[in-house]
Structures are given as C-alpha cells and as structure tokens.
1. Could you give the length gained by full extension between Leu205 and Ala103, i.e. 0.36 nm per residue of separation minus their alpha carbon distance, to one decimal place?
2. By how many nm would the segment from Arg120 to Ser62 lengthen if fully extended, with 0.36 nm per residue of separation less the alpha-carbon distance?
3. What pairs in Lys96/Lys190; Lys96/Lys144; Lys104/Lys155; Lys38/Lys268; Lys38/Lys283; Lys155/Lys283 have C-alpha atoms more than 28 Å from each other?
4. Mind checking the full-extension length gain between Leu177 and Glu148? Use 0.36 nm per residue of separation minus the Cα-Cα distance, one decimal, nm.
5. Round to the nearest 0.05 the FRET efficiency obtained for Lys268 and Ser141 when R0 = 51 Å and r is the Cβ-Cβ distance.
6. Note the per residue figure in Å³ for the convex hull of the C-alpha positions in the stretch 102-180.
Amino acid sequence: MESTESSYVSSQEQPRKKSPPPPASPLSDAVEKPTYIKLLVSNAAAGSVIGKGGATITDFQSQSGARIQLSKNYEFFPGTSDRIILISGGIDDALKALELIIAKLLSEIPTEDGDDAEPRMRVRLVVPNNACGSIIGKGGSIIKSFIEESHAGIKISPLDTDFFGLTDRLVTITGTLEEQMHAIDLILSKLTDDTHYLQNMHASLSYAAAYNSTNHGLNGAGVKFQHNKEDRTNSVTIGVADEHIGLVVGRGGRNIMEISQNSGARIKISDRGDFMSGTNDRKITITGSQRAIHAAEDMIMQKVSYASERETD
C-alpha cells in the first residue's frame, strides 16, 4: 500500500529549522467533544505499548485520561502485518495518549554510540475514505498548509481496491516527534469536525470483512478469496509456515478436526513440499460459508500466533 501513496508530501529534504511548539488545539474550549485516533503498529510495538501485565497501557491511560484499545494479536490491517491501536476520548486527552505511545516507541529505537540524531519513526493513521477530503482540501490546499505549518511530511494513500469492503485509507506522517504531533493536532482538529469521521468512532478493530481478491502476505499467511454469485460456498487458501503446521494439525489431527467441527468449515492441508508460490508456507484451504471460513481462519491464526509468541520469548 505504501507504494501507491499520493504525492502530498513535504518537499523539504534538507535539514529543517526547528518547528515551533504546536499551539493549543483549536478545540481546546471543547475538550469534552469526543474523538478518536486510529493508528497502526507492528506486533512487537504493540507489546511495548501494552507492557508487562498491561502496566504500560494502564499508565498511559491514567496519564492522559484517554481510552486505549488494541486489536487482537492476529487481527491486522488489510495488506499489512500491523495491529490497530484505537485511542478515544477528548481531543487533548487523545493527543496526549498518542504522544506517550510515540515517545515510548521512539525510546526503544536502537542508536549507535555518538549518534546525536533524534530517532524517528513514521506514524500511520487510519482515516475513513469519506473523511479524507476534509484534510486534503480543494487542490490539496489544506494538507499543503498542514505540511508548511508543521514541517512534517504527510502522505495519504489511495483507497486499496484490492480489498472488497475496505473503506479506510492510511495517512502517513514523518518527522520529529514535535513535528508529527503538530501535524496530527492539525489533522485531528479538522477530522473531529467531520461527521463522516465521527460516525466511525465505534467501528470494530477487526477487518475480517475486508476480503482480499489476490494473494497477500499477512504475517506468514497469504490469503485468496473466491466468491460466487449466490455467496453460499466460498473458499480461501492461507499459507502457514511449514514449521507451524504441526501445531495447527495437532496430535493425530486432533486440532484440525476440532477447528473444522467448531467452525463448520472443511479444511485441507497441502502435502509436504507443496508450498504457496515464492514461500515456504504450506497451503491450508478452507471451504464453507463466509462465517465458517472466518471462524476457522481465526482459530488457525490463534495457533500460529501462539507458536510465534513462544519463539520470541
């Protein structure tokens, strides 16, 4: 998705003069007005945000006054292997929570001895397609003004039409923490006045309904959906690393039989050596209703996720 981003980006590649501190939010007189921020983070970064026993996320919520939620460790934004963080509350509280999260992740970026450069990371916000116009403006006038004022780079990806049912786009912000927060403050203040944006505040963090019509790698799982006109029986093929197949199958096929019985889907695993194109992933074909396929895929990904977590411990 990153390769198809729009050209709304700061053209200043040379070192910039330091951005002035962001002004108080334009909505500071109405801090109780509810809003939300949705962003993407890697699975490892999600673990840092949560902290041991949930200590970090609890502390961030206490400091900011905002609510912070994360998608499950096998629920990713379509076309990526990234989880979704949802921050909700008053606009100032939400911005404070976001700043705590970004600062935490920046502090964990390794630096070389003697390197005084300020660590940087890109922040990817998830914004409904029908609300993007309010931050682009006529001829890109609004987003250009945000770039000039904040000195941050801002890119808006086009809607990814490979995923049926996906109605969100990614807004990528680059720069120093100060520049990013200034840009996000401007963007969020504009979005919070957009009814289309606020209508999505309570949307699910799961994108299970965004069906992919082509093969994509999702944290070791490539997915291909086929739909028929009657929408009764569908088939999906996912790729699971060969070393994880044993956990999915279970002793004597116990796990795979249980998944099939509980989901109502038919599940077939390819023979050894029969991999998905260009990978070392075995093919698992799931057939049944959409509901059955989703249930079976979730159960399989839980097994794979459990194996991955054990490997990183």
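Rule-based calculations on the coordinates, nothing more; no lab input. Treat the numbers as computed from the prediction; the structure is a model and nothing was measured. Counting neighbours? That spans all protein chains shown, and the Cβs are built from the backbone with ideal geometry, glycine included.
1. Length gained, Leu205 through Ala103: 34.4 nm.
2. Result: 18.3 nm gained on full extension.
3. Numbers: Lys96/Lys190 17 Å; Lys96/Lys144 25 Å; Lys104/Lys155 23 Å; Lys38/Lys268 36 Å; Lys38/Lys283 33 Å; Lys155/Lys283 36 Å.
Going by Cα-Cα distance, Lys38/Lys268; Lys38/Lys283; Lys155/Lys283 fall outside the 28 Å limit.
4. On the way: separation 29, 0.36 × 29 = 10.44 nm, distance 1.60 nm.
Once the chain is fully extended between Leu177 and Glu148, it gains 8.8 nm.
5. It comes to 0.40.
6. Given the Cα convex hull of the stretch 102-180, per-residue volume reads 117 Å³.
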